[in-house]
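Notes follow once the structure below has been shown.
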Amino acid sequence: MAKRATFVTKLGVIAATVGSSVGLGNIWRFPYETGQNGGAAFLLVYILCVLFLGLPVMLAEFVVGRSAKANVNRSFLTLAPGTHWNIIGYMGVFAPVFIMGFYSVIAGWTLDYVYQAATFGMSQKSPEYFATAFTEFTASPIRPLFWIFLFLGMNYFIVSRGVSDGIERASNILMPLLFVILIAFCVRSLFLPGAKEGLSFLFHPDFSKIDSGVVLRAMGQAFFSLSLGMGTLITYASYFSDKTSLPKTAVTVASLDTFVAVLAGVIIFPAVFSFGISPSQGPELIFITLPNVFQQIPGAYIWSVLFFVLITVAALTSTISLCEVAIAFLHEEFHFTRRRASQILIFICLVMSTLCSLSFGPLSDFYILGFSIFNFCDFLASNILLPAGGMLISIFVGWKLDRQFIKEELSNHGVSRVWYFGILMFCMRFVAPVAIFLIFLSGLGLF
Ligand code: PHE
């Protein structure tokens, strides 16, 4: 059998995995979820979810992927032959299609904004202009589709090249770029007049804002942002070498991901408060707020181009990981070439994202269970499929796999000490499954 692909360098492992986690979830979704769900109180619940649910589930995914060294479906079949645990794998192959559906729409909008910013389409415009222009743009049937197709084309270009030449190489270049741009923005934002108010909104919790809905959304956000619950990290971990330290990688990824989300908040909320915009706007928050802000600061041209390039980069390194779950599956299970597998997947994503995009315009009267197509894909994937997948994966590792086997994987066969093993197992066996289940029920209004 041909040798299976791997990430070649240590940096590549981190860049690709952080690349998967850091994405629109941090820069686009986190600020508006925080804005709509009570600011600092949401951030606090979010961090608790990352620590007690996110980290254990991430380690569970790493253990499954690295030990089985196969796609999501095959990983479960290898570790638990003759059982039906691979259903989690199937869920994992479907979830990216829904996520790619709405995610590519936002990424497409971002590309359009890069173009607008670069061609001076944003200079000297009034705040009203940005609000109307955004609504007209997203409702139009054709223009967003052009950008969505371009974005999916970029994905195809990278993923069809394979794991180390495509994904790893792109991440090694794009991720450092992303961090540099982010830090520059953060510094700029702290000098805006509304910085104090913005930071207080983000860091001073009002506990009366926490209810079960807020907790459900914080949990969904944590799973989404850390790329958990659908096998992305199982697939990526299957490309880790035997020397990669799973606990260190998990802690690095979770910390950097949370850091970037907080940075995005630090960039956006001072701007929101400086220009009298409501922090509780939905998905349009960054698309209406920020172009306004850019017009009012020196160097508008360069800031706006940079910002939207930043979001595109972040989105791209995440979508390639979403695609990889399904591509590895199609390639290894059905023996399609990587190229053909990529073509099949990108085609399905094209169809889904076209539907999601049209739900802002011609299909805006079409509802599924009370949601527009776009919101349905987002809600189904982030608040249902990912937490449910996460719950099953942690039950699988906590209850089905042998304790010693897990310990060997986490310690790289005794190379490092896993002093926290007891706590981790407790979280995987009890805390994560029970908490996810309860939050589910209450968030869905069932008790
Ligand atoms: N974590 C990515 C983000 O924050 C999205 C994602 C979710 C990627 C699930 C892979 C799997 O944007």
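Every number in this text was worked out from the coordinates using simple rules, so none of it is lab data. Remember, it's a predicted structure, so these values are computed and weren't measured experimentally. FYI the Cβ positions are ideal-geometry reconstructions off the backbone, even for glycines, and counts take in every protein chain you see.
Before moving on, here are some points about what is shown:
- Cleavage-rule hits, chymotrypsin sites (Phe, Trp or Tyr not before Pro), region 312-341, DSSP coil, Cβ neighbours within 10 Å at most 11: none
- Put simply, the convex hull of the Cα atoms in the chain casts, on average, a shadow of 20.5 nm².
- Farthest toward the positive end of the dipole of the chain, out of 163, 298, 88, is the Cα of 163, where the dipole comes from beta carbon charges about the Cα centre.
- Highest average first, the peptides 353-359, 283-289 ordered by how many other beta carbon atoms sit within 10 Å of their residues are 353-359, 283-289.
- Radius 14 Å from Cβ of residue 372, net charge of other residues (Lys, Arg +1; Asp, Glu -1): -3
- Per-pair calculated FRET efficiency, R0 = 35 Å: residue 47 and residue 118 via Cβ, rounded to 0.05: 0.45
- Subtracting the Cα-Cα distance of residue 425 and residue 11 from their residue separation scaled by 0.36 nm leaves 146.2 nm.
- Placing R0 at 35 angstrom, the Cβ-Cβ distance between residue 187 and residue 347 gives a FRET efficiency of 0.25 after rounding to 0.05.
- Restriction of the chymotrypsin sites (Phe, Trp or Tyr not before Pro) in region 384-421 to DSSP coil positions whose beta-carbon has at most 14 other beta-carbons within 10 angstrom yields 419, 420.
- Backbone phi angles across region 366-372, fed through the Karplus curve with coefficients 6.51, -1.76 and 1.60 (θ = phi - 60°), yield HN-Hα couplings of 8, 10, 10, 6, x, 10, 5 Hz in residue order; Gly and Pro are listed as x.
- Taking Lys and Arg as +1 and Asp and Glu as -1, the other residues whose beta-carbon sits under 12 Å from that of residue 23 total 0.
- Kyte-Doolittle mean at least 0.0, axial Cα span of 24 Å or more - DSSP H helices of the chain: 87-118, 143-159, 169-190, 246-274, 300-334, 338-358
- Sorting 239, 103 from the fewest to the most surrounding beta carbons within 10 angstrom yields 239, 103.
- Label separation (residue 209 vs residue 297): 2.2 nm, computed from points 7 Å beyond Cα along the C-beta direction.
- Summary of packing: across the peptides 144-156, 46-58, the per-residue average of other C-beta atoms within 10 Å ranks them, highest first, as 46-58, 144-156.
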